[in-house]
Amino acid sequence: MGRKQDMRNYCRRLTFKLQTIGGPCQVIVHKWETHLQPRSITPLEGESTIDDGQFGIHNGVENLDTGWLTCQTEIRLRLHFSSRPPVLISKKKFKKSRFRVKVTLEGPEDDEDCLSPIIHHKMAKNLEISLVSDNEFKCRHSQPECGYGLQPDRWTEYHIQTMEPDNLELLFDFFEEDLSEPVVQGDALPGHVGTACLLSSTIAESRRSAGILSLPIMSRNSRKAIGKVRVDYIIIKPLAGYTCNMKCSFSKYWNPRTPLDVGHRGAGNSTTTAKLAKVQENTIASLRSAASHGAAYVEFDVHLSKDFVPIVYHDLTCCMTMKKKFGDEPTELFEIPVKELTFEQLQLLKLSHVTALKSQQFLNASLSMEENYISENQPFPSLQMVLEALPENVGFNIEIKWICQQRDGIWDGNLSAFFDMNMFLDIILKTVLEKSGSRRIIFSSFDPDVCTMIRHKQNKYPVLFLTQGKTGAYPQLMDLRSRTISIAMSFAQFENLLGINAHSEELLRNPSYVDEARSKGLVIFCWGDDTNDPENRRKLREFGVHGLIYDRYYMFCGKFPYNLIIVSYIEISLKAQLNIYFVLRYIFCGHSTKVRIKYSTYEKKVLPNLMNLEYELGEDF
């Protein structure tokens, strides 16, 4: 166990040190304390044992956070009913059966001939099981003798952290849900149906961060294939090219305050909503518009160009203008994935939003926008350009775009293949971590695996899981974890995310979700067209949401726009200055004093909590 002191955060951590003979030391952070006022420890010379209380608890308050990946790889294997039952047994007697599964880790083997034996392979023995459903989430380090039952409404996941991701063997044992009788006469395990085997080298050879494997299930005695199991996997690797530390982390920190206003795509949706924003969405001009009118955060979407430059654009596809060589026929468009164009091409070509395919009027407007050569009005700015263009006091809610599959099988933009997820996220995260300075950042995504990876690759910025829940406005997504707000909350708790970003339509229909999220220690934002209505926003604020993402913020900010975050800083500063004044007055005058502060019209507008307050010596101590 190591310890570190910082005046702002974090002093103690539970770590493992792994080292080869004569090789470098590698540190794995399993858990660490995250108290705002950390315990202070002065180590003595040499090694010593100090009993300073229970790990994670300081002054009676528990504050613990999970570690991030430093040098180890995390393998996740999942069994779920998102598209179909994961287990298929061909024998008729099992046609209507429900199954239980037990997973056993069988590797790696010790190499007796190795001259420089390493100890890090021992950590591969740790297998964690998680069960996520609408009602709850469970994390276990052990399993019942016959495993856990597979349920249509439950996500079952197995986690392994290892230094040797290509040197593991996993056995899946399948049992009938009814364990009253043995399936095979004389079988020691009641209900045992068969076994499937997975070698992690199979995953490593695919060189993919995520995928689906179909494994044969062999009968216990005859060793014949009697069915198959569908195993969904992801591989999470440490963030490449960047080393995280414990100096500052906001991954689970939220300062309670008035609900925040977040500018949707900057100044708002300019393509698909009923009332379009007057500035083209996701441009520097649009983001600057929301910021200048006092939005605490601006929300925008990020993915990659063909040459791996992080860009800001909402859709995964766009339309390219094509004009024939001869004749006066109208301009034609064809849809092309953004990932097929380099950053330079995105800056130079005449590109339109995909809605131009359906509307000549929108096509004309879109092409007219493209003729505006002011750089801040141009689409496809790079993430670095945005980070450098906007003042650091404006927070960023960065939505990571990833292809999502609908329950009917259709993929976003008809793209069934995308970038490698580890590489994709490493590029974006490294850009943010290196260029964001002191800016407040929140990551979010509709893809649960993207949220998981961001959470495990870094420990500085928080993550919100975007969910649309049950709605008729959008097609239902394939992933089970995205289908309801309840399971989204369970997923966020299990992954130790900051919270969720829920569709406002469902929150307005069922406000109890807000109380439920808050009772579980989750931050809850809301998004959707319903949030554009001022009356709905009033209700959502009363319900207790932490942030509202909506369009055309410039229309609703009032005569004196202000950034709520900046106001809170001013408030803290003024109170501190007043306390200093009171102390000095007491020292020199020898008596207490009362001060009544009067503010200008602007200050009364932006400092409602301070307006005409009376301060007395000792009041704020």
If I ask for residues that are under 21 Å from Thr273 (Cα atoms), at pLDDT 60 or above and of a type in the set (D, E, K, R), which ones from segment 353-410 would you list? Lys358, Glu399, Lys401
Just checking, how many residues over segment 144-173 are within 27 Å of Ser482 (Cβ to Cβ) and more than 27 Å from the chain's Cα centre (by Cα)? 5
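With the condition kept exactly as written, say whether any residue in segment 463-481 is within 17 Å of Val302 (Cβ to Cβ), under 15 Å from the mean Cα position of the chain (by Cα), in a helix (DSSP H, G or I) and outside the structural domain of Ser209 (by TED's automatic domain parsing). Give the derivation first.
To start, the set of residues in segment 463-481 that are within 17 Å of Val302 (Cβ to Cβ) comprises 463-466.
Next, from what is left, pick out any that are under 15 Å from the mean Cα position of the chain (by Cα): 463-466.
Of the ones still in play, those that are also in a helix (DSSP H, G or I) are none.
The answer is no, given that none of the residues of segment 463-481 is within 17 Å of Val302 (Cβ to Cβ), under 15 Å from the mean Cα position of the chain (by Cα), in a helix (DSSP H, G or I) and outside the structural domain of Ser209 (by TED's automatic domain parsing).
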Is it the case that some residue within segment 397-412 is in the same structural domain as Leu497 (by TED's automatic domain parsing), more than 23 Å from Met489 (Cα to Cα) and free of Cβ contacts under 8 Å to residues at least 60 places away in the same chain? yes
For segment 152-162, enumerate the residues that are closer than 15 Å to Pro238 by Cβ and out of contact with any strand residue (DSSP E or B) (no Cβ under 7 Å at 6 or more places or on another chain). none
Residue list for segment 59-104, filter: crowded, with 19+ Cβ neighbours inside 10 Å, more than 23 Å from the chain's Cα centre (by Cα) and either over 24 Å from Ile28 (Cβ atoms) or at pLDDT below 90 (or both): Pro86, Val87, Ile89, Phe94, Phe99, Arg100, Val101, Lys102
Just to be sure, is Lys470 in contact (Cβ under 8 Å) with a residue 60 or more places away in the chain and on the phi < 0 side of the Ramachandran plot? no
Which condition number in (1) at pLDDT below 85; (2) under 30 Å from Asp134 (Cα atoms); (3) of a type in the set (A, V, I, L, M) is the one that Leu36 fails? (2)
Within segment 317-336, can one find any residue that is modelled with pLDDT of 95 or more, under 30 Å from Asn422 (Cβ atoms) and of a type in the set (A, V, I, L, M, F, W, C)? no
(1) over 24 Å from Phe396 (Cβ atoms); (2) in contact with a strand residue (DSSP E or B) (Cβ under 9 Å, 6 or more places away or on another chain) all hold for Ser486 apart from (2)
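Checking the structure you have, find out if any residue of segment 510-517 is surrounded by fewer than 22 Cβ atoms within 10 Å (Cβ to Cβ), free of Cβ contacts under 8 Å to residues at least 60 places away in the same chain, β-branched (Val, Ile, Thr) and not in a loop (DSSP other than H, G, I, E, B). Break it down into steps so the answer makes sense when it comes.
Narrowing segment 510-517 to residues surrounded by fewer than 22 Cβ atoms within 10 Å (Cβ to Cβ): 510-512, 514-516.
Restricting the remaining residues to those that are free of Cβ contacts under 8 Å to residues at least 60 places away in the same chain gives 510-512, 514-516.
Now narrow it down to the ones that are β-branched (Val, Ile, Thr): 514.
With not in a loop (DSSP other than H, G, I, E, B) added as a condition, the list becomes 514.
Within segment 510-517, one or more residues are surrounded by fewer than 22 Cβ atoms within 10 Å (Cβ to Cβ), free of Cβ contacts under 8 Å to residues at least 60 places away in the same chain, β-branched (Val, Ile, Thr) and not in a loop (DSSP other than H, G, I, E, B).
Here's the yes/no breakdown for (1) more than 18 Å from Tyr253 (Cα to Cα); (2) not small (Gly, Ala, Ser):
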| residue | (1), (2) |
| --- | --- |
| Asp420 | yes, yes |
| Leu429 | yes, yes |
| Glu434 | yes, yes |
| Ile442 | no, yes |
| Arg455 | no, yes |
| Gly469 | yes, no |
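Consider segment 412-427. How many of its residues are of a type outside the set (Gly, Ala, Ser), in a helix (DSSP H, G or I) and farther than 16 Å from Ile235 by Cα?
In the first step, residues of segment 412-427 are kept if they are of a type outside the set (Gly, Ala, Ser); the result is 412, 414-415, 418-427.
Subsequent filtering for residues that are in a helix (DSSP H, G or I) retains 412, 414, 421-427.
Adding the requirement that they be farther than 16 Å from Ile235 by Cα leaves 412, 414, 427.
Qualifying residue count for the region: 3.
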Report, ordered by the first and then the second residue, all pairs with beta carbons closer than 7 Å, sequence separation of six or more or different chains, a first member in segment 63-74 that is assigned to a loop (DSSP other than H, G, I, E, B), and a second member that is of a type in the set (Ser, Thr, Tyr). Asn63/Thr34; Gln72/Thr162
Inspect all residues belonging to segment 438-449 and state whether any of them is over 18 Å from the mean Cα position of the chain (by Cα) and surrounded by fewer than 18 Cβ atoms within 10 Å (Cβ to Cβ). yes
Could you tell me which residue of segment 482-494 is nearest to the chain's Cα centre (by Cα), considering only residues that are buried (at least 22 other Cβ atoms within 10 Å of the Cβ) and within 23 Å of Tyr253 (Cα to Cα)? Ala492
Given (1) within 15 Å of the chain's Cα centre (by Cα); (2) buried (at least 20 other Cβ atoms within 10 Å of the Cβ); (3) not basic (Lys, Arg), Ser504 misses just (1)
Among all residue pairs at least 6 apart or on different chains, which show Cβ distances below 9 Å where the first residue, located in segment 482-508, is in a strand (DSSP E or B) and the second is buried (at least 20 other Cβ atoms within 10 Å of the Cβ) and charged (D, E, K, R)? Asn501/Glu399; His503/Asp530
Please work out which residue is nearest to the chain's Cα centre (by Cα), limiting yourself to segment 212-223 and to residues that are at pLDDT 90 or above and either exposed (fewer than 14 other Cβ atoms within 10 Å of the Cβ) or under 23 Å from Asp449 (Cβ atoms) (or both). Ile212
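The values are calculated or read from the model by the stated rules, or taken from the named source; none is laboratory data. Here the structure is a predicted model, which means the values were calculated and not measured. With ideal geometry, Cβ positions are generated from the backbone for all residues, glycine too; neighbour counts draw on all protein chains shown.
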